[in-house]
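The structure under discussion appears below in the form of structure tokens.
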Amino acid sequence: MKAELLKELIEETEMDDIAERYQNVAAIIGIEKFVQLADYARGDEIYFPKAENIIAPARNRRIKAEYNGYNSKELAEKYDLTIRQIENVLKDEPIIGQYDIYDYLPKET
């Protein structure tokens with residue numbers, strides 16, 4: 001179908017033209033984007049991850065940037081996590097003020 005005709009038909013499409021089970025998605029993203037999504041999926045089912053899983057990397061970067069060595073409890077409260085979850089986010093980060101023993105060993109030549 002030509003792009004111009006498709007655009008006209010999308011503009012004439014009403015929410016009631018969309019199956020009821022998909023109307024919530026169409027309402028969130030708009031009919032035009034819903035048609036684009038349907039064209040992308042081409043009848044296949046699409047899995048959408050939880051929003052928390054999508055934003056977790058950004059949240060973890062913030063936690064690492066805001067961590068000062070003493071504020072695990074505050075970060076846990078701020079990000080609605082447990083202290084153990086905060087520790088898991090930070091487990092690969094060096095502890096502030098901690099030195100690495102390898103910094104003091106002679107370098108091999």
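Couple of notes before you dig in:
- When the residues of segment 50-100 are filtered to those that are of a type in the set (G, A, S) and either at positive phi or not in a helix (DSSP H, G or I) (or both), the one that is modelled with the lowest pLDDT is G97.
Listed here are the residues, each with its yes/no results for (1) touching a Cys at 6+ places or on another chain (Cβ under 6 Å); (2) assigned by TED's automatic domain parsing to the domain that holds E77; (3) surrounded by 10 or more Cβ atoms within 10 Å (Cβ to Cβ).
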residue: E8; (1), (2), (3): no, no, yes
residue: E11; (1), (2), (3): no, no, no
residue: I18; (1), (2), (3): no, no, yes
residue: R21; (1), (2), (3): no, no, no
residue: A27; (1), (2), (3): no, no, yes
residue: L37; (1), (2), (3): no, no, yes
residue: N60; (1), (2), (3): no, yes, yes
residue: Y67; (1), (2), (3): no, yes, yes
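The values are calculated or read from the model by the stated rules, or taken from the named source; none is laboratory data. Not measured: the values here are computed from a predicted model. Methodologically, a virtual Cβ is constructed for each residue, glycine included, from the backbone with ideal geometry; neighbour enumeration extends over all protein chains shown.
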